[in-house]
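Taking it in order: structure first as structure tokens, then the write-up.
The values are calculated or read from the model by the stated rules, or taken from the named source; none is laboratory data. As the structure is a computational prediction, the values presented were derived from the model and not from experiment. Methodologically, a virtual Cβ is constructed for each residue, glycine included, from the backbone with ideal geometry; neighbour enumeration extends over all protein chains shown. For the accessible areas, the whole protein counts, side chains as well, though only heavy atoms, and no ligand, DNA or RNA atoms are used. Shrake-Rupley method; radii C 1.70, N 1.55, O 1.52, S 1.80 Å.
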Amino acid sequence: MIGTVLCYVLLPAARLLQALRDAFSTCQKNVLLAKSPSTQIEGVFAATTGRSVPEEQEALLQQWLKEEVGNLPASESVPAARKVSVTLTSAWLEGSELLMTSLSDLNTSPEVTQCADQQLSELNTLASSELQDHAVAELARLPAEETVTVAGSAPWAALVPQTDHQTAGCAGINVEVLNDDPAVLAWSLACDAETVPPVLPAQPIQDAVPFYPVPAEVPYHEILWRDWEDLSVQPCVLEQVSKNTSLFEFRVMSYNILAQDLVEQGLDLYVHCHPDILSWNYRLPNLLQEIQHWDPDVLCLQEVQENHYWEHLEPTFKEMGFACFYKRRTGTKTDGCAVCYKHSRFQLISLSPVEYFRPGLDVLNRDNVGLVLLLQPVLPEDLGLKAVSPLCVANTHVLFNPRRGDIKLAQVALLLAEIDKIARTTEGSYYPVILCGDLNSVPDSPLYKFIRNGELSYHGMPAWKVVSGQEHFSQQLYPRKLQAPLWPSSLGVTDKCQYVTLCQPKKLAGRREYSRDFLLQFRFCDAACERPPQLVLLEGVTDAKPVASAREHSAVTAVLKRHNSLSFLGKQCSGVIQHSLNLTSVYSHFLPHRGRPEVTTMPMGLGATVDYIFYSAEPVEDKAGECSSRRLYKDGALKLLGRLSLLSEDVLLMANGLPNPFCSSDHLCLLASFGLEISSL
């Protein structure tokens, strides 16, 4: 295109306007066609050739060239000229603005081959003087991107549209698309809004929802825009926070950042992505800039590759003011979980890594891990004698396998037992808890309901149903069903998700225990034969007639033994597990303004919610009885103040799924703002 423009610069002044209009029409067509990567462009450099220059205008051309050369600065002679200033008519100015607007966002580095040479040959036929020949020779050596200053507008780069075949009368154009997309690093949200990333070719995925490439004129960060939802202004929150109550506010982020080893092991999951955006060198700056932009005080990461953590992430996080803790998955796995907190906002009280693998237990034979921390918020010194409750933060990544719901349930139970141990106070209550992680379970799954409602009856339930709900195996002939008890007593965890050693009743000092047989020896004593005056009379139970005969005594003993045995078995094999943490989700899992469910990941083009932030709340009695199966909550000492909105599946499909040039993980980050009540000492 540089050859085309400069060709008309050398035309006589009398025909300059018409020639420039023709050139603009050609360039405008090329720009519009270049927006579509699949369009076949014909006649990219088709110019108005075949027009002979009359001899009577040759003198005018020579004079015009000399005048223009005379106007150049002294430092820019004709052989070394790099800019050509042209005063154009209003029609060309309007067209040039549209042209530059369309071209300003493209980021290509073309190599002009035979097409530019053909245009330069036309210049040679139009210019007969030695000066013109010398100028054309210099123009042939101009770089591929040459700045042309147009009157009344900013400089722009002359670019060659990309083609996938040879154009009519010209050889093919070799175009190399750069991968340093400026919109990818736009997490400051204040960057140039007109920056448009290159459109990467979308490859079809078999048996999955097709991806749709992003239109070239729409930036990625506009499609993937996420609003901050301020929940502190809601009436229900304002009622709970009195005017005299101050809050310790902080932000928590949960993010599955996609381990690079898992990318390389499962490339079939990312066939819709350009290979360049899957490299760690490309993804790392995006991930760090995204985290730095949202500025969380507590950061919970999943799928953190061990060597990347020690070499890149931990040094960077420490420079950002974080204290970091990491737990790699057991066995030969190379990734794990990390929890980081700003040491200016929190101090560590205790740290407890959790390994779910237990040798010899089929229900706990996987290498997933978790981390549980107890943090003490740091209050400003000017608050005086004030105190705030410690905060328990847990992070985990549960097994993915959709067919092994028993393993998932056991892993969550083990994590809840650890949280119960760390967050329990000396009075038997709990410190506020925040549970983050990739649970590989959708919001309507039994596993999710167990965490939120505090109870699950799992006996006889198909194993796939307890899982995420991402796959449906109801058509299996012999599906695996969960049996009670889910784990053996040797694990040391009760069906209330508590460690056995921590839930034993305390023995009162000076009190003795007597066996049943010892007490039965006193059944005929006077005290046993006297009925207390306030005792309700029940025939054969609380009457004053003791069992006299040995036969009746044996029958009563057998009944009592059977009752005690059934009671013990009922506690161990009821198939019901519970917990007492009172957790609810930060997100509602539905977008009311779009009428669609929220999505945190898109495996194979199918959107799902598997990432969560749960937090402690106070249960509310449902007086209407309409939601008996769903526990209701209200904020307690830990209050939810805001959250970063999630996206729907159709929006992510517009951005060609996850990952993409803007989001460098196959999961979206979750972000929430909380407030802890500050009380006086």
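Not counting ligands, DNA or RNA, and with a 1.4 Å probe, what is F674's accessible surface area in Å² rounded to the nearest 10?
It works out to around 0 Å².
Run the numbers for Q578 and Q483: contour at 0.36 nm per residue of separation, minus the present Cα-Cα distance, in nm. Before the final figure, lay out each step's value.
Working: separation 95, 0.36 × 95 = 34.20 nm, distance 1.61 nm.
Working it through step by step, the gained length comes to 32.6 nm.
What ³J(HN,Hα) values, in whole Hz, does the Karplus curve 6.51 cos²θ - 1.76 cosθ + 1.60 give for segment 346-358 when θ = phi - 60°, with x put for Gly and Pro?
In residue order, the calculated couplings are 9, 10, 7, 9, 8, 9, 9, x, 10, 10, 7, 6, 10 Hz.
With all protein chains present and a 1.4 Å probe, how do T501, T601 order by accessible area, largest first?
Values: T501 120, T601 10 Å².
So, going from the largest accessible area down, we get T501, T601.
Full extension from N281 to S232: what is 0.36 nm times the residue separation minus their Cα-Cα distance, to one decimal in nm? Write down the numbers at each step before the final one.
On the way: separation 49, 0.36 × 49 = 17.64 nm, distance 3.89 nm.
So the chain would gain 13.8 nm between N281 and S232.
From largest accessible area down, sort M253, M654; use a 1.4 Å probe on the protein chains. Spell out each step's value before the answer.
Numbers: M253 0, M654 95 Å².
These residues rank, largest area first, as M654, M253.
Keeping all protein chains in the complex and leaving out DNA, RNA and ligands, what accessible area do you get for L520 with a 1.4 Å probe, in Å² to the nearest 10?
Only protein atoms counted, so the area is about 40 Å².
In the structure shown, do any of K386/K408; K342/K465; K318/K496; K421/K634 have a Cα-Cα gap over 32 Å, and if so which?
On the way: K386/K408 41 Å; K342/K465 39 Å; K318/K496 38 Å; K421/K634 24 Å.
Checking Cα-Cα distances, K386/K408; K342/K465; K318/K496 exceed 32 Å.
Please find the FRET efficiency linking L681 to Y499, where r is the Cβ-Cβ separation and R0 is fixed at 56 Å, and quote it to the nearest 0.05. Before the final figure, lay out each step's value.
Values: r = 32 Å, r/R0 = 0.57.
Calculated value: 0.95.
Can you send over the solvent-accessible area of F322, 1.4 Å probe, protein chains only, in Å² to the nearest 10?
Accessible area, nearest 10 Å²: 10 Å².
Ranked by accessible surface with a 1.4 Å probe, highest first, in what order do S457, S350, S254 come? Spell out each step's value before the answer.
Values: S457 75, S350 35, S254 5 Å².
Per-residue accessible area, sorted high to low, gives S457, S350, S254.
Can you give the FRET efficiency for D622 and D367, using 1/(1 + (r/R0)^6), R0 = 41 Å, r = Cβ-Cβ distance, to the nearest 0.05? Can you show the working numbers first?
Working: r = 40 Å, r/R0 = 0.99.
FRET efficiency, D622 to D367: 0.50.
Which parts of segment 629-666 would a label at W225 reach, counting a residue when its backbone N lies under 14 Å from a point 7 Å out along Cα-to-Cβ?
Once the point is set 7 Å along Cα→Cβ of W225, 645 turn out to lie under 14 Å by backbone N, inside segment 629-666.
Applying 1/(1 + (r/R0)^6) with R0 = 25 Å to the Cβ-Cβ distance of H312 and Q265, what FRET efficiency is obtained, to the nearest 0.05? Each step should come with its number before you reach the end.
Working: r = 20 Å, r/R0 = 0.80.
In this case the efficiency is close to 0.80.
Determine the gain in length on full extension of the stretch A387-E455; use 0.36 nm per residue of separation and subtract their C-alpha separation, reporting nm with one decimal.
Details: separation 68, 0.36 × 68 = 24.48 nm, distance 3.33 nm.
Extending this stretch completely gives an extra 21.2 nm.
Considering only DSSP beta bridges with both partners in segment 337-437, what is the antiparallel share in %, to the nearest 5? Each step should come with its number before you reach the end.
On the way: 16 of 21 bridges.
So the antiparallel bridges in segment 337-437 amount to around 75 percent.
Pull out a ≥ b ≥ c, the square roots of the eigenvalues of the alpha-carbon gyration tensor of segment 579-653, then state rounded if a/c is under 1.5, prolate if not and a/b is larger than b/c, and oblate in the remaining case.
Values: a/c = 2.27, a/b = 1.89, b/c = 1.20.
Prolate, since a/c reaches 1.5 and a/b exceeds b/c.
Once label points are set 7 Å from the Cα along Cα→Cβ at both S490 and L632, what is their separation, rounded to one decimal in nm?
Each label point is offset 7 Å from its Cα along the Cβ direction, giving 4.7 nm.
What ³J(HN,Hα) values, in whole Hz, does the Karplus curve 6.51 cos²θ - 1.76 cosθ + 1.60 give for segment 295-311 when θ = phi - 60°, with x put for Gly and Pro?
Each residue of segment 295-311 in turn: 6, x, 8, 10, 10, 10, 10, 10, 6, 9, 5, 4, 5, 5, 5, 6, 8 Hz.
Once amide H atoms are built 1.01 Å from N in the peptide plane, which residues 5 or more positions from I613, or in another chain, come under 5 Å H to H?
V586, Y587
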